[in-house]
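**Student:** Have a look at the structure that comes next, please.
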Amino acid sequence: MQKVALWMMIGLTVLLTACQPKDAPRPSDPKPEAAKVVLLSSQSINMNLPRAKVCELQGCERYSLHTVQTNLPWIDAYFVKRLTELAPKAFDVAQQRIVPDVNEQASLAHHHHFVSYVAQRNQLALFTLQSDSSGTHLPHSLFHQEYVNLDLNLQQRLALSDVLQNNQQAALLSLLYRYNEAWLKARHIEAEQLKLSDNFYFAAQGFTLVYPVFELGSYSDGMTELRIPYSALSDIIKPEYLPSLPSDAKP
């Protein structure tokens, strides 16, 4: 009798095991880990230039460059490359130019390029790359600020097309004009004249596109910033790049 009971227990165990889905997770199986985001640290450093002052026939130029040093080497390399492209003369040691009779003070121009760390939100890190130039040959100083959005998980810079859902450029442009119409019309800019800018950032007040001096306004306007509230962008921008919003937020 005991043997019969034993075989019945074995058969029941085999039957229950066979009924379980083959790919069902066992209690001991580890759960998949969510993608970890690196906490970014950054400090500003001065770049030692091979040629901080460059003199040519038309005059002399002085360069000052600052970059960042972070805990992610690919970010450091990216900005060194960008600064080298912005000020190639400052890195050109192939030949030293000898220019006679140059009045340095009368023809001296200053170029300052510097990188700044702004903020991190999840995998999104924001930097700015600022440039200003001044000199006797310029009627006024020139200034430009470029916003650099980096995806730390993808290890790449994000273009505008990278943060938009498929084929949403026209919809974004329509919203951009709608939410900034008063400012644009005051400067006689109609909807068909407005273009999207690839210079953008995620501000606290909304998604912001930035335009160079003179493109949309006057010199006194400086760089123009046009903004759209996040509540209007749930179908425009990829969800992984949108900040968290209250569930009842409406455009």
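**Student:** Mind listing whichever residues of the stretch 124-179 are touching a His at 6+ places or on another chain (Cβ under 8 Å) and hydrophobic (A, V, I, L, M, F, W, C)?
**Tutor:** Residue satisfying the conditions is L129 alone.
**Student:** Mind checking whether some residue in the stretch 212-230 is exposed (fewer than 14 other Cβ atoms within 10 Å of the Cβ), assigned to a loop (DSSP other than H, G, I, E, B) and either in the same structural domain as V118 (by TED's automatic domain parsing) or not small (G, A, S) (or both)?
**Tutor:** Yes, because at least one residue in the stretch 212-230 is exposed (fewer than 14 other Cβ atoms within 10 Å of the Cβ), assigned to a loop (DSSP other than H, G, I, E, B) and either in the same structural domain as V118 (by TED's automatic domain parsing) or not small (G, A, S) (or both).
**Student:** List every residue pair whose Cβ atoms sit under 8 Å apart, with the two residues 6 or more apart in sequence or on different chains, where the first one lies in the stretch 233-251 and is modelled with pLDDT of 55 or more and the second, anywhere, is loosely packed, with under 12 Cβ neighbours inside 10 Å.
**Tutor:** Sorted first by the residue in the stretch 233-251, then by its partner, the list stays empty.
**Student:** Scan the stretch 56-82 residue by residue and report those that are buried (at least 18 other Cβ atoms within 10 Å of the Cβ) and small (G, A, S).
**Tutor:** Scanning the stretch 56-82 gives a single hit, G59.
**Student:** What pairs come out if I take residues in the stretch 72-88 that are hydroxyl-bearing (S, T, Y) and pair them with residues that are at pLDDT below 95 and in a helix (DSSP H, G or I) whose C-beta lies under 7 Å away, six or more apart or interchain?
**Tutor:** What qualifies is T84/F91.
**Student:** Ok, one more. Output the number of residues of the stretch 123-167 satisfying the condition of being at pLDDT below 95, assigned to a loop (DSSP other than H, G, I, E, B) and not assigned by TED's automatic domain parsing to the domain that holds T224.
**Tutor:** Summing the residues that are at pLDDT below 95, assigned to a loop (DSSP other than H, G, I, E, B) and not assigned by TED's automatic domain parsing to the domain that holds T224 in the stretch 123-167 gives 6.
**Student:** State all residues of the stretch 173-195 that are among the acidic types (D, E) and surrounded by 11 or more Cβ atoms within 10 Å (Cβ to Cβ); if no residue qualifies, say none.
**Tutor:** Once the filter is applied, which keeps residues that are among the acidic types (D, E) and surrounded by 11 or more Cβ atoms within 10 Å (Cβ to Cβ), the stretch 173-195 yields only E181.
The values are calculated or read from the model by the stated rules, or taken from the named source; none is laboratory data. It should be emphasised that the depicted structure is a prediction, and the values quoted were computed from it without experimental measurement. We place every Cβ from the backbone using ideal geometry, glycine too, and count neighbours over all the protein chains shown.
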